[in-house]
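Just below is one structure, and these are the notes that go with it.
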Amino acid sequence: MRSMTKLTLVAAALVLTGTLQAQTNNASITATASVQTPINVVGAQQLSFGNVFPGVNKTIAATDLTNAGRFDVTGQASSPVTISFTLPATLGSAGNTMPIVSYTGVHAQNNAQTGGTAFSPAAGASPSLNASGALWVWVGAQVQPATNQAAGVYTGSITMTVVY
Amino acid sequence: MTHMKRESWVLIGAMLLGVPLSLAGQGKPLTVTGVRGVTFGAVLPGVPRVVLRTDPANSGQFDIKGPKGGPVLLSFVLPLRMTGPAGALMPIAFGSSDAGFSATQSIGSQVGFDPKQPTTVIFPNNGNVSVFVGATANPGTNQRAGAYTATIILTVTYL
């Protein structure tokens, strides 16, 4: 009887061990993403005031397709973007400055401004790229030369930043 | 003594036949199934995309069948990056509450936990649970366009 009891306990231990031993299983899933086209901006046309006379304000309208500054944007089709600007308060020439007193802007989904939307560059805007992933932005401004403004070529940099 | 012998053999026989007398529930096979992947969908360069573990359409889901009322260890193998076109990489991150355990297999009833830390949970009496996973994709501003993928592995161990 004693040997039988021992045998029973050994068998029980073996079976219990088999029943309770750590059991592991695993499975996997996939994380997926579709990254869209990166956004790109090109300064396509300079804002050109042409000849400016001392004491005579000169305005270039944002709707002036020849002289307004223009940025061309490309990216993911039909995606909304946010545009913002760094705008100079003056133009400079060999240590002389000439004030820019106001800015205007237009954005459109074509390069002819058809159906374009006016906006304030100082405030920025939130347009959308067109179905081909393109957007055009124009900037106009007014310079205010002093009556004794020194002659010369005056320049300044306008920077536009676009983010999705 | 003869009676005792008979009882002992019956007990041994029952055990060898795999009929544990009081452990039938814990003997349930452990299975883990990947039900749904984490889907970020369209991601814009420079714009992080977050998928919550409570998102019924985009969160990842594993279903587990295991021990009734038993403690189980959940541990993940998590990717650091997703792989895209021409080997392009995009970081993927998991927050401290981006995994969720549901004893009712309901996405609306989860207990959050850190998928980066092995976590012990107690199974319900029916032995069926679900684990949900969220994550954040962090594309760079010049992230190459295209499809990106990564693998998330859940390992489940009886304790």
Taking the Cα atoms only, what angle lies between the long axis of helix A:2-20 and the longest principal axis of chain A, rounded to 10 degrees? 10 degrees
Between A:Gln45 and residues 5 or more places away or on another chain, the pairs with built amide H atoms under 5 Å apart involve A:Arg70
Give the long-range amide H neighbours of B:Gly70: residues separated by 5 or more places, or on another chain, with amide H under 5 Å away, using H modelled in the peptide plane at 1.01 Å from N. B:Phe123
After finding the eigenvalues of the alpha carbon gyration tensor for chain A, what semi-axes result from the square roots of 5 times each, listed largest first in whole Å? 73, 19, 10
Amide H proximity to A:Ser102 below 5 Å, modelled H, separation 5+ or other chain, gives A:Gln142
Gyration tensor (alpha-carbon) shape descriptor, the stretch A:47-133, a/c threshold 1.5: prolate
Given R₀ = 25 Å, what would the calculated FRET efficiency be for A:Ser157 paired with B:Thr141, taking r from the Cβ atoms and rounding to 0.05? 0.75
Quick note on B:Ile122, B:Ile152, ordering by fewest other C-beta atoms within 10 Å, gives B:Ile122, B:Ile152
Label-point gap, in nm, between A:Asn96 and B:Val50 - each point 7 angstrom along Cα→Cβ: 5.5 nm
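Semi-axes of the equivalent ellipsoid for the stretch B:40-104, please: Cα gyration tensor eigenvalues, times 5, square-rooted, ordered largest first, whole Å.
Details: eigenvalues 169, 40, 22 Å².
Equivalent ellipsoid semi-axes, largest first: 29, 14, 10 Å.
In a shell of Cβ-Cβ distance under 11 Å around B:Gly87, excluding B:Gly87 itself, what net charge do Lys and Arg (+1) and Asp and Glu (-1) give?
On the way: positive: B:Arg81, B:Arg144; negative: none.
With Lys, Arg at +1 and Asp, Glu at -1, the net is +2.
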Where does the stretch B:25-158 land on Rg/Rh, using Cα atoms and the Kirkwood Rh? 1.03
Rounded to whole Hz, the Karplus (6.51, -1.76, 1.60) HN-Hα couplings of the stretch B:110-125, x for glycine and proline: 10, 10, x, 8, 7, x, 7, 10, x, 10, 9, 10, 10, 6, x, 5
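Values quoted throughout were computed directly from the atomic coordinates according to the rules given, and no laboratory measurement underlies them. Note that the coordinates shown come from a computational prediction; the quantities given were computed from them, not determined experimentally. FYI the Cβ positions are ideal-geometry reconstructions off the backbone, even for glycines, and counts take in every protein chain you see.
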